Amino acid sequence: MPVSRSPHRLRLAAALLACLAATACAATSAAPGDDAPRGPVTIRVPAEAPTITAALERARPQDLVLVSPGRYRETVRVRTPRVTLRGTDRNRVVIDGEGRRGNGIVVTAPGVTVENLTVRSHLQNGVLVTGLKHGDEGIGRGSDGYHRLDPVADPPLDGFRVRYVTAANNGLYGIYAFNARHGTIEDNYASGSADSGIYVGQCKPCGILVRGNTSERNAVGYENTNASGPLWIVGNRFTGNRVGMTVGSDYLEALTPQGGATIAGNLVADNAAADTPEQADGGFGIGIGIAGGRDNAVAHNRITGHPRAGLVLTSTEDLPPIGNRMTGNAFAGNAFDAAYLASTLSPGTGNCFSGPLGRTVPADLAGVMTCPGRTTPTPGGHTLPATPPAPPGTPFLDVPLPPSQPQLPAAATAPTTPVAAPAPVDAADVAPPPPTLLADRSRDRR
């Protein structure tokens, strides 16, 4: 009886011969249903899989899922370790929630890279990276049905990278790393988030680097809750939000108190924009707020243009601000450059400033909180002067979409690289940013 040869087998034999002739076969395309041992492959969407979800279901560790331009109306869940999800064009590969789906991309496996694409118009998060067992449901701080989460029962996800991602018009967070560690959030753009553009929460120690991002027209540009060092927030642009950035402790999450973050070389400017989602109005017009945080280094940042205050230190319930050092920051155009508003219940100690300060609350703050002194103003009774109510905001889905953003170099052909823990950053090595930091990526172009 003749032996039949299927076209699939013939193609596979031809591919194997080609690999042998080249003495290497490191990155071929994946064949559906092929469970044989193989090296890393590239799975192309939609050429080889009709959806991103279908491609990820076939992916194995170290594979590249490479997505061509188009609108993808799906919630993408990455459950396979060490996979790279990449768009060939950051601005034209769009995972669109259409104002109906909860999450855009949910990563619950370690060592995953998400890069060079846009994720927008989701009711919860644009990109969520989490060690939660039910992370694909978007559970996290601020979500409906939130319960305090136990990082022992749900160990943190270990290792991730999110870069060259545009996250726009999402109902909670643009890029959200929660109960995750040893990761990099780099060269992203976030706008139109009804909570914060970028959020790092519940990790101690975190081992996370947040660098070179632009976050504007959000309720809060960057939020850091119960996320402790080593953690580096370096060289970012947080401008034109309702609040620039917040760092602090919160009993709604595990791992209080927050401490040990390095916040250096960031541009935090003009955070009193009305064309932003209508939340965080208690802090409207503040650049950096530290609430109940400890031993944070705030160095060489440019903090300008805030109608309430450039930098505020305060308590969170019974958690005082302790040991925070503000050194070498450049203040300009703020109603008050700095304010110390710790409560009588949680007065704090060991916080200090070095470098020139303009108006402060209390008025003698610069004298009694100089570094390396340990004197602290008398707590209680200090408040910022009353300001007009925050202006009405804009529904998150109506915030104008961002301008085109720079691409990952050679996105269609660049090899994948393993996720690695970021190298430490010394604040002393970080220069103050220019007033035009990352202006080419901003809607304001200045």
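The values are calculated or read from the model by the stated rules, or taken from the named source; none is laboratory data. Since we're looking at a predicted model, the values are computed, not measured. Quick reminder, even Gly has a Cβ in these numbers, built from the backbone with ideal geometry, and neighbours come from all protein chains shown.
Numbers below:
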read-out	value
Residues (part of a loop (DSSP other than H, G, I, E, B) and among the charged types (D, E, K, R)) located in segment 213-231	Glu216, Arg217
Segment 237-256, subset in contact with a Pro (Cβ under 9 Å, 6 or more places away or on another chain) and of a type outside the set (Lys, Arg), residue nearest to Arg211 (Cα to Cα)	Gly248
Count of residues meeting criterion [over 24 Å from the mean Cα position of the chain (by Cα) and closer than 18 Å to Gly102 by Cα] in segment 52-75	0
Residue that is nearest to the chain's Cα centre (by Cα), among those in segment 397-446 that are surrounded by 13 or more Cβ atoms within 10 Å (Cβ to Cβ) and outside any loop (DSSP other than H, G, I, E, B)	Arg441
Matching residues in segment 360-378 - criterion: being surrounded by 16 or more Cβ atoms within 10 Å (Cβ to Cβ) and either of a type in the set (Lys, Arg) or in a strand (DSSP E or B) (or both)	Thr360, Val361
Residue pairs meeting the criteria (Cβ under 6 Å; at least 6 apart or on separate chains; first aromatic (Phe, Trp, Tyr), in segment 378-395; second surrounded by 15 or more Cβ atoms within 10 Å (Cβ to Cβ) and not in a loop (DSSP other than H, G, I, E, B))	none
Pairs, first more than 18 Å from Leu384 (Cα to Cα) in segment 353-368, second outside any loop (DSSP other than H, G, I, E, B) and hydrophobic (A, V, I, L, M, F, W, C), C-beta under 7 Å, six or more apart	Phe353/Met326; Phe353/Ala338; Phe353/Ala366
Residue in segment 192-212 that is assigned to a strand (DSSP E or B), farther than 19 Å from His122 by Cβ, hydroxyl-bearing (Ser, Thr, Tyr) and modelled with pLDDT of 95 or more present	no
Exclusive hit being crowded, with 24+ Cβ neighbours inside 10 Å, in contact with a Leu (Cβ under 6 Å, 6 or more places away or on another chain) and of a type in the set (Ser, Thr, Tyr), set Thr214, Thr166	Thr214
Whichever residue in segment 61-99 is of a type in the set (Gly, Ala, Ser) and crowded, with 24+ Cβ neighbours inside 10 Å and, among such residues, is farthest from Ala36 (Cα to Cα)	Gly97
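Yes or no, residue by residue, for (1) touching a strand residue (DSSP E or B) at 6+ places or on another chain (Cβ under 9 Å); (2) crowded, with 24+ Cβ neighbours inside 10 Å; (3) of a type in the set (Val, Ile, Thr):
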position	(1), (2), (3)
Thr256	yes, no, yes
Asn271	yes, yes, no
Asp275	no, no, no
Arg308	yes, no, no
